[in-house]
């Protein structure tokens, strides 16, 4: 199962601090997000919150628990939301 319905890079984005930072526009069943990524770190510019990995990101964009996020990422069950 995918984390998003649609995820597209913002090609007009120019990072100010680290050249490896990217901005993504993400649409999920839980809402729309504008996410900055630098390596494994991410930051939601609208919610002003971030984390450090796929599990944190899955929990945030799908609004699920830790266990549900792990199941979602490993393909071992469907997460709601």
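Data overview
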item: Cβ pairs under 7 Å, 6+ apart, first in the stretch 1-13 and over 9 Å from residue 26 (Cβ atoms), second part of a loop (DSSP other than H, G, I, E, B); result: 1/75; 1/78
item: Qualifying residue in the stretch 57-68 (condition: in a strand (DSSP E or B) and either on the phi > 0 side of the Ramachandran plot or in contact (Cβ under 8 Å) with a residue 12 or more places away in the chain (or both)); result: no
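FYI, it's all coordinate maths here, none of it is from the lab. Predicted model only: the values in this text are computed from it and were never measured. Every residue, glycine as well, gets a Cβ built from its backbone with ideal geometry; the counts of neighbours run over all protein chains shown.
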